[in-house]
1. Please name all residue pairs, on different chains or six or more residues apart, with Cβ atoms under 7 Å, provided the first residue is in the stretch 391-416 and is in the same structural domain as R434 (by TED's automatic domain parsing) and the second residue is in a strand (DSSP E or B) and among the hydroxyl-bearing types (S, T, Y).
2. Does K205 count as under 30 Å from K174 (Cα atoms) and free of Cβ contacts under 8 Å to residues at least 12 places away in the same chain?
3. When only residues in the stretch 155-191 that are small (G, A, S) and in contact with a Lys or Arg (Cβ under 7 Å, 6 or more places away or on another chain) count, which is farthest from F50 (Cα to Cα)?
4. Does A232 satisfy the condition of being in contact with an Asp or Glu (Cβ under 6 Å, 6 or more places away or on another chain), modelled with pLDDT of 90 or more and among the aliphatic types (A, V, I, L, M)?
5. Do we find that P218 is surrounded by fewer than 14 Cβ atoms within 10 Å (Cβ to Cβ) and either acidic (D, E) or in contact with a strand residue (DSSP E or B) (Cβ under 6 Å, 6 or more places away or on another chain) (or both) in this structure?
6. Of the conditions (1) in contact with a helix residue (DSSP H, G or I) (Cβ under 6 Å, 6 or more places away or on another chain); (2) crowded, with 18+ Cβ neighbours inside 10 Å; (3) in a helix (DSSP H, G or I), L68 fails just one. Which one is it?
7. Could you list all residues from the stretch 399-443 that are within 27 Å of the chain's Cα centre (by Cα) and either exposed (fewer than 15 other Cβ atoms within 10 Å of the Cβ) or part of a helix (DSSP H, G or I) (or both)?
8. Given the criteria among the charged types (D, E, K, R), in the same structural domain as L320 (by TED's automatic domain parsing) and outside any helix (DSSP H, G or I), does R247 qualify?
Amino acid sequence: MVCFHALTEIHASMLTELKAEIEERERAERKIRQLADTDPLTRILNRRAFVREMEALVAQGQPFMCALIDLDRFKPLNDRYGHAIGDHVLKVLATRLSEMEGCQHACRLGGDEFAFIIPSVGDNALALAALVQSALVSPIETDLGLVTVGASIGVAAFPDDAADKANLMYAADKAMIRIKSEGGGIAVFDRREDMADMDAEEFDKTIIGAVKDNCFQPAVQPILDLRSHSIAGYEVLARWPHSGLSRQPSPKQFMPAVERLGLIDSFFWSMLNQALRWLPGGTSFLSFNVSPSQLTSLEFADHFLNALRRHGIAPERIELEITENVLFRNIDTSKHVLGKIVGAGVSLALDDFGTGYSSLSLLEELPFKKVKLDKSLLGKKSDSGVLPKVLTGSLKMCREMNLISCAEGVETSWQLEQLAARNCDLIQGYLIGRAVLCQEMTAPDINVRAG
């Protein structure tokens, strides 16, 4: 009898220990799953968990909306003030997003990109997206004082816009890219405007083949010298004239894919060589936009200058347009790469001046010769009134710093006359000429006079 009780107690003890061990293992497994599903910085869901949750929603078949967020002006803030401030901003924004009533599965996709699910469609869903955008752009208290960032949000609906998770995220991303290019805000996916061919995998395959076969072609938009009333040069813009798609994609649609697929090197050198072969004799210049990844490669300068030598083009006839966001990816490496190119005679232009907040400091750090004033500085298209004070002030700054000024987006004679009266050096826009494929044109004889 005593032996039986002893065995019973031992058995009970073993069961208790086994139960405790099982519970401990379950806690450890839950912890591991939580860590696997959680972004380590912000403590909200990561991309893996977000995709899994969206797969479950798609399987249920109930309508919902996927929203993707890309922060505006975050990278310059992070690079200027350090990762401690940048990380703090990301944590605050993640908290705001996760605590927003109605937002489900708040997620940090990576970097300064976030996502969330709206469990409904229609006007109420868009109203919630507007509340989220307002919360994200509100000032954030930091050790350096109040800071702000912008937020571009793209929204796509299941199942109306896409019937699977990959294409749904692709649609939301396309809407986000569109609204980001327009200065930020909220955009709902529009099949006609964002992408006629919605299969993400097929689109990527088409892009890969187009780059391999040199299907992308350079177009040039003329730049007018307001002093001589003659064409001073051309900006090179990418076009995809024979894509084979039902609607020809714009650069805003295909360039992000080229970057994302790691094809920008092949794409750039193809565009450069085609444009250099076209460049007519004379003194007119060609201006090229440079991708962020180009300026992180120490070999870029040598390859670029070698291309000019092969085509017999003087470096003085070439200009590189750089945005502040490109430079801030790695400003030290960028300065080194650009220094070698500028030293050979190539000019440097600061593009999109007026859209960021760190451009002034860059003008002192790098040997820019030109400032391209963003079309947003022109204000509304009007034939009356006066130019915005920010634009007139920027023109005055250019004169005082001995920088060439170039106003972009000029579309009316009134704008031309106003800019000429304020000693703007160059202008570019539809009034002067739209971009035309190099293979379809020779250097035009354009003569536009103010007054």
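1. L395/S405; C398/S405
2. Values: under 30 Å from K174 (Cα atoms): yes; free of Cβ contacts under 8 Å to residues at least 12 places away in the same chain: yes.
So K205 fits the description; yes.
3. We begin by selecting, within the stretch 155-191, every residue small (G, A, S); these are 156-157, 162-163, 166, 171-172, 175, 181, 183-185, 187.
Then keep just the ones that are in contact with a Lys or Arg (Cβ under 7 Å, 6 or more places away or on another chain); that gives 181, 187.
Numbers: S181: 26, A187: 21 Å.
Within the stretch 155-191, the match that is farthest from F50 (Cα to Cα) is S181.
4. Values: in contact with an Asp or Glu (Cβ under 6 Å, 6 or more places away or on another chain): yes; modelled with pLDDT of 90 or more: yes; among the aliphatic types (A, V, I, L, M): yes.
It is true that A232 is in contact with an Asp or Glu (Cβ under 6 Å, 6 or more places away or on another chain), modelled with pLDDT of 90 or more and among the aliphatic types (A, V, I, L, M).
5. Details: surrounded by fewer than 14 Cβ atoms within 10 Å (Cβ to Cβ): no; either acidic (D, E) or in contact with a strand residue (DSSP E or B) (Cβ under 6 Å, 6 or more places away or on another chain) (or both): yes.
No, not satisfied.
6. For L68, the exception is condition (3).
7. Across the stretch 399-443, the qualifying residues are E411, Y430, R434, C438.
8. So R247 passes the test.
The values are calculated or read from the model by the stated rules, or taken from the named source; none is laboratory data. All values derive from a computational prediction rather than experimental measurement. For neighbour counting, all protein chains shown are included, and Cβ atoms are generated from backbone atoms with ideal geometry for every residue, glycine included.
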